[in-house]
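The values are calculated or read from the model by the stated rules, or taken from the named source; none is laboratory data. Please read these numbers as outputs of a predicted model, since none were measured by experiment. Positions of Cβ are generated from backbone atoms using ideal geometry, with glycine treated the same way; all protein chains shown enter the neighbour counts.
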Amino acid sequence: GNSVTQMEGPVTLSEEAFLTINCTYTATGYPSLFWYVQYPGEGLQLLLKATKADDKGSNKGFEATYRKETTSFHLEKGSVQVSDSAVYFCALSELWNTGNQFYFGTGTSLTVIP
Amino acid sequence: DAGVIQSPRHEVTEMGQEVTLRCKPISGHDYLFWYRQTMMRGLELLIYFNNNVPIDDSGMPEDRFSAKMPNASFSTLKIQPSEPRDSAVYFCASSFDDGQPQHFGDGTRLSIL
């Protein structure tokens with residue numbers, strides 16, 4: 001079945017460091033891929049998305065490219081800030097005969113220190 | 001523009017009591033989702049609705065859990081009787097269409113003593 005596997009945390013970086021959070025997926029067809037961010041005490045918020053192969057989603061300096069050949073959707077940011085400290089979730093959505101299937105990764109906690 | 005609204009934000013109750021969590025999705029969104037989040041199990045999809053009809057409830061833990069969506073602007077998740085292991089943060093989310101991003105509420109933090 002479908003699944004999403006993302007890099008385990010926690011991840012601790014210094015301010016202005018480069019960030020990569022790996023995400024790979026398993027799907028039978030052509031899913032849509034998402035990254036969500038969760039700040040303490042809040043719900044998940046959409047960070048970026050990509051709906052087809054080679055699409056690049058981007059927002060707030062974060063980027064992720066839909067790579068069908070490697071079934072990956074790694075999240076990157078060139079220079080992290082303290083305000084980026086949060087939990088990041090990779091997710092996919094795929095339409096099956098029985099309806100849409102939704103899968104979230106386990107989340108990766110990021111702490112950025114000044 | 002109002003987002004997904006959940007109530008209550010916090011609930012503390014004794015085991016055996018009935019608990020009702022409420023959700024108002026974003027107007028015009030046809031899909032509504034209920035999730036549970038714990039440290040041990042992460043984010044789990046419990047059930048989702050399309051146009052008020054339950055589509056997939058395979059994530060509902062057991063018969064003590066039930067969810068309803070009587071109309072397009074309201075849904076409830078009920079636990080009866082509640083148990084300490086039900087303690088978690090419960091999120092409601094809604095989306096406009098298949099494969100579209102989900103918009104999450106701020107969650108209900110439930111503690112069963």
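Checking A:A17, A:A64, A:A27, A:A53 one by one, the residue that is of a type in the set (A, V, I, L, M), more than 25 Å from B:G3 (Cβ to Cβ) and touching a Phe, Trp or Tyr at 6+ places or on another chain (Cβ under 6 Å) is A:A53 and no other. Could you check A:E8 against (1) modelled with pLDDT under 95; (2) within 15 Å of the chain's Cα centre (by Cα); (3) within 10 Å of chain B (Cβ to nearest Cβ); (4) farther than 27 Å from B:N51 by Cβ and say which number it fails? Of everything listed in (1) modelled with pLDDT under 95; (2) within 15 Å of the chain's Cα centre (by Cα); (3) within 10 Å of chain B (Cβ to nearest Cβ); (4) farther than 27 Å from B:N51 by Cβ, A:E8 misses just condition (3). Counting the residues of region B:75-113 that are more than 26 Å from B:M40 (Cβ to Cβ) and within 11 Å of the chain's Cα centre (by Cα) gives 1.
Output the number of residues of region A:39-63 satisfying the condition of being buried (at least 20 other Cβ atoms within 10 Å of the Cβ) and within 14 Å of another protein chain (Cβ to nearest Cβ). Even if it seems obvious, please write down each step before you answer.
Of region A:39-63, the ones buried (at least 20 other Cβ atoms within 10 Å of the Cβ) are A:43-44, A:47-50, A:57, A:62.
Checking which are within 14 Å of another protein chain (Cβ to nearest Cβ) leaves us with A:43-44, A:47-50, A:57.
The qualifying residues number 7.
Residues in region A:11-40 that are more than 10 Å from the chain's Cα centre (by Cα) and not in a strand (DSSP E or B): A:E15, A:E16, A:A17, A:F18, A:A27, A:T28, A:G29, A:Y30, A:P31, A:Y39, A:P40.
Can you tell me which of A:L44, A:L48, A:L19 is in contact with a helix residue (DSSP H, G or I) (Cβ under 8 Å, 6 or more places away or on another chain) and either within 18 Å of B:Q100 (Cα to Cα) or at pLDDT 95 or above (or both)?
Details: A:L44 fails: in contact with a helix residue (DSSP H, G or I) (Cβ under 8 Å, 6 or more places away or on another chain); A:L48 fails: in contact with a helix residue (DSSP H, G or I) (Cβ under 8 Å, 6 or more places away or on another chain).
Of the residues listed, the single one that is in contact with a helix residue (DSSP H, G or I) (Cβ under 8 Å, 6 or more places away or on another chain) and either within 18 Å of B:Q100 (Cα to Cα) or at pLDDT 95 or above (or both) is A:L19.
Please go through region B:84-94 and pick out each residue that is hydrophobic (A, V, I, L, M, F, W, C) and more than 10 Å from chain A (Cβ to nearest Cβ). B:A88 - this is the single residue of region B:84-94 that is hydrophobic (A, V, I, L, M, F, W, C) and more than 10 Å from chain A (Cβ to nearest Cβ).
Here is a yes/no grid of residues against (1) over 17 Å from B:K24 (Cα atoms); (2) more than 14 Å from every other protein chain (Cβ to nearest Cβ):
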position: B:N50; (1), (2): no, no
position: B:D56; (1), (2): yes, no
position: B:G59; (1), (2): yes, no
position: B:L77; (1), (2): no, yes
position: B:F96; (1), (2): no, no
position: B:G99; (1), (2): yes, no
position: B:Q102; (1), (2): no, no
position: B:G107; (1), (2): no, no
position: B:I112; (1), (2): yes, yes
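Having 2 or more residues that are over 21 Å from A:G43 (Cα atoms) is the bar; report the strands (runs of 3 or more DSSP E) wholly within region B:58-113 that clear it. Lay out the reasoning, then the answer.
Details: elements: B:65-71, B:74-79, B:88-95, B:108-112.
Here the list reads B:65-71.
Residue-level check: of (1) of a type in the set (D, E); (2) surrounded by 14 or more Cβ atoms within 10 Å (Cβ to Cβ); (3) under 30 Å from A:K52 (Cβ atoms), B:D97 misses just (2).
Taken together, B:P70, B:P54 contain a single residue that is free of Cβ contacts under 8 Å to residues at least 24 places away in the same chain and under 27 Å from A:K49 (Cβ atoms), which is B:P54. Would you point out which residue out of A:Y36, A:Y103, A:Y30, A:Y66 is touching a residue at least 12 places away in the same chain (Cβ under 8 Å), surrounded by fewer than 18 Cβ atoms within 10 Å (Cβ to Cβ), within 14 Å of another protein chain (Cβ to nearest Cβ) and not aliphatic (A, V, I, L, M)? Matching residue, one of A:Y36, A:Y103, A:Y30, A:Y66: A:Y30.
Scanning region B:34-42 for residues that are over 29 Å from A:P40 (Cβ atoms), out of contact with any helix residue (DSSP H, G or I) (no Cβ under 7 Å at 6 or more places or on another chain) and β-branched (V, I, T) turns up nothing.
Listed here are the strands (runs of 3 or more DSSP E) enclosed by region B:1-48 that have at least 3 residues being within 15 Å of the chain's Cα centre (by Cα): B:5-7, B:19-24, B:31-38.
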